[in-house]
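The values are calculated or read from the model by the stated rules, or taken from the named source; none is laboratory data. Since this is a predicted model, take the numbers as computed values, not measurements. With ideal geometry, Cβ positions are generated from the backbone for all residues, glycine too; neighbour counts draw on all protein chains shown. With ligands, DNA and RNA removed, areas are computed over all heavy atoms of the protein, side chains included. Shrake-Rupley method; radii C 1.70, N 1.55, O 1.52, S 1.80 Å.
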Amino acid sequence: MTSEPPARAAGVAHAARGGIAYTIGAYLLWGALPLYFLALVPTGPWEVVAWRVLLSFVFCCLLLTIMRGWPAFIAIVRQPRLLGWTALAGVLIYVNWQAFLIGTLTGHVIETSLGYFINPIFTVLLGVFVLRERVRRMQWIAIGVAALAVVVIVIAYRAFPWIALTLTASFGIYGLVKKQIGAAVDATSGLTLESFWLIPIAVVTLIVVGQTDGITFGQVSPLHTLLVAGAGIATAVPLLLFAAGTRRIDLSLVGMLQFITPVMQFVVGWALLGEPMPFERWIGFIIVWIAIAVFVADLLLHGRRTRTAAAVDLV
């Protein structure tokens, strides 16, 4: 029987604990974001996203300077293929941010949570149809139950959950694009480029908002101005924590921890903001949670089988 040296095993355990802490930190921050963005009222969703893009770019440029990341960034810029992938990632994350802000600032926080509840299952579907990955039986069951939940919400609640499905699709495909990019682009450089591609959209948005509703940044109060200015940091920090965490722990554990965010968003929408949850909507969400339970159970069983097989190989 072979075993890892004690020092190396301790190092792996320490890295894993750090990865769990980073990942949980990212999901907690994402779960609290609805409250942060609600504090930006009367700023509307279009203006918030525009400032979010511009200030994220500024914050990431500062990080690249502090971390001396410009050489790596320039190396990425010289590769047209990577530039194309980051441009596509930028468009997808813009759609995600915009749908999330519209949902948050128009009283649909619960629907945003639905989008992130469904996202892991949608990601499995992308793996099947795009990456030709094999899906286990329990994963297919989870996919079928989640699809049933959407149908129930549409028919019984008589409302198409476009915000939830837009969040699911945009973030799921964004994750697929990031997988194609892989380790060739670090988290800070990636977010810098994604924000850079969106600058023209942000500028045009601010011009339109200025000519219609009027720009609110700097016009409400010093605290409001400070909060809007912090949107870039609020955007970048959880993304960087997430990148640091996922490099240190297994993807199956990431998959289980990610439900922290939609649970928090659901609680914020239902318990704190008092958004309506009629009986029909409860039924739809309960079906979604059943799908998630099947999904998590599959992750746990698969992880246990993998560890058992690895232990047998070591003997």
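Results, tabulated for the structure shown:
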| quantity | calculated |
| --- | --- |
| Share of carbon and sulfur in the accessible heavy-atom surface of the range 35-181 [1.4 Å probe, %] | 71 |
| The chain: calculated mean residue ellipticity at 222 nm from DSSP helix runs of at least 4, using -39500 (n - 2.57) | -27000 deg cm²/dmol |
| Average Cα contact separation per residue, the chain, under 8 Å, 6 or more apart, as relative contact order % | 40 |
| Shape of the chain, Cα gyration tensor, a/c cut at 1.5 | oblate |
| Selection from LEU29, ALA291, SER195, by position along the positive dipole direction of the chain (Cβ) | ALA291 |
| In sequence order, calculated HN-Hα J values of the range 73-79 (Karplus, 6.51, -1.76, 1.60; Hz; x Gly/Pro) | 5, 5, 4, 5, 4, 7, 10 |
| Accessible surface of MET277 - all protein chains present, 1.4 Å probe, nearest 10 Å² | 30 |
| For ALA297, net neighbour charge (Lys/Arg +1, Asp/Glu -1) across residues whose Cβ lies under 13 Å away | +3 |
| ³J(HN,Hα) computed for each position of the range 214-223 - Karplus, 6.51 cos²θ - 1.76 cosθ + 1.60, integer Hz, glycine/proline x | x, 6, 9, 4, x, 10, 9, 6, x, 5 |
| Cβ-based charge dipole, the chain, positive-most Cα from PRO278, LEU62, LEU240 | LEU240 |
| Accessible surface of the range 246-298 [probe 1.4 Å, protein heavy atoms]: carbon and sulfur percent | 72 |
| The chain, accessible area per residue, ligands and nucleic acids excluded (1.4 Å, Å²) | 50 |
| Whole-Hz ³J(HN,Hα) from phi, Karplus 6.51 cos²θ - 1.76 cosθ + 1.60, for the range 49-58, glycine and proline x | 5, 4, 5, 4, 5, 5, 6, 5, 4, 4 |
| Kirkwood hydrodynamic radius of the range 134-231, Cα pairs, Å | 17.9 |
